Amino acid sequence: MPPGILASEASHFLGFDGGGTKTECVLADADGRVVERAYEGPSNPLRTGYTRAWFALSEAADNVLSRQKLHAGHIRAICAGLGGASRSGVGRRITTFFERGYPNARVRVTTDLETAFEAGFGTGEGIILLVGTGSAAFGRGANGRTARKGGRGPWFSDEGSAFDIGRRAIRAVSLAEEHRGPATALSKRIFALHQSRDWDSLGEQITKNPDDVFPKTFPLVAELADKDDAVAQEILAGAAVLLVDLAASVASELGWRDREIPVAKVGGVYGRSKYFDAAIEAELKKQIPSVRNVPVEISPAEAAVRMAIRLASAKGNAA
């Protein structure tokens, strides 16, 4: 950090949204206005490892700071919502990383669910259905009671996520090739998508890093579902049921019956397929008849920077 930047001179704020596919970082000025935005690779340390997560967070922050000719010492507060941060020890390690790099900043590391909730509801009540590389639902009532479902990782949770959809799509191609499942247009595209020669090559990629294969298959499934491929549509219809079940389970745990239930949808899978979006909407109305869809006006990274501003202004709040 260049000399001469005192804590009293720190006036800017950083907000991060990091998951298994990408990281978004926003920089806000002293008036709380977002002045820069940058994107980098994944920063969920449980999926990418800490080194790769730290690199993505650092690069994103360096990008927004350099454009404004700022340095780490100019940052007054940081809030990062990261996938995997609910796991014991993860948040503490990332917090230490930020504290060492930004000596004048108060730091808060929380889950991507909390920043997504902030984007949808602020300090209000509702249910967030977060679906990207992973999936989860989180709700909070007016009394402060919370409930969470899903989001425990790809091997036994994250149902209906981009990872789950991609895995099901590749399995469908395998079944079709073995004449144990229906033909699908996925078969003609899957190897070219992943630049694989054959099943052995694709299998090696999956073994090396499944996050580089399964989530990246989702856009192809979304595209082909909108082109009436029956297998792609079946995969997405099944995913919609699993996703909405997460939100419905949260509503049940919160005791929300015979009342309007506000639900906000956040994540990279939305808006990629008209078929999938419609399937999710239909399933919401089926499982939660009193649902009220809440539009999300800001990104989770913008919500995180808003939380950073609150952190800085809270008297007596420890970093």
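The values are calculated or read from the model by the stated rules, or taken from the named source; none is laboratory data. Computed from a predicted structure; not experimentally measured. Ideal geometry is used to build each Cβ from the backbone, glycine not excepted, and the neighbour counts take in all protein chains shown.
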Given the residues ARG145, ARG152, ARG100, which is the only one that is surrounded by fewer than 19 Cβ atoms within 10 Å (Cβ to Cβ) and closer than 20 Å to GLY20 by Cβ?
ARG152
Among the numbered criteria (1) in contact with a Gly (Cβ under 7 Å, 6 or more places away or on another chain); (2) farther than 23 Å from TYR275 by Cα, which one does ALA162 miss?
(2)
Strands (runs of 3 or more DSSP E) lying entirely in the stretch 1-90 (those with 3 or more residues that are within 19 Å of VAL266 (Cα to Cα), hydrophobic (A, V, I, L, M, F, W, C) and in contact with a strand residue (DSSP E or B) (Cβ under 7 Å, 6 or more places away or on another chain))
75-82
Go through the residues of the stretch 253-273 one by one and say whether even a single one is in a helix (DSSP H, G or I), at pLDDT 95 or above, at negative phi and not acidic (Asp, Glu).
no
Listed residues VAL250, VAL263, VAL294; which is surrounded by fewer than 19 Cβ atoms within 10 Å (Cβ to Cβ), touching a residue at least 40 places away in the same chain (Cβ under 8 Å) and over 19 Å from GLY19 (Cβ atoms)?
VAL294
Residue satisfying condition, being in a helix (DSSP H, G or I) and either more than 18 Å from the chain's Cα centre (by Cα) or surrounded by fewer than 16 Cβ atoms within 10 Å (Cβ to Cβ) (or both), within set LYS216, LYS188:
LYS188
Whether any residue in the stretch 159-173 is over 30 Å from LEU129 (Cβ atoms) and assigned to a helix (DSSP H, G or I) is what I want to check.
no
With the requirement that a residue be within 27 Å of PRO154 (Cβ to Cβ) and either of a type in the set (Phe, Trp, Tyr) or assigned to a helix (DSSP H, G or I) (or both), what does the stretch 97-120 give you?
PHE97, PHE98, ASP112, LEU113, GLU114, THR115, ALA116, PHE117, GLU118, ALA119, GLY120
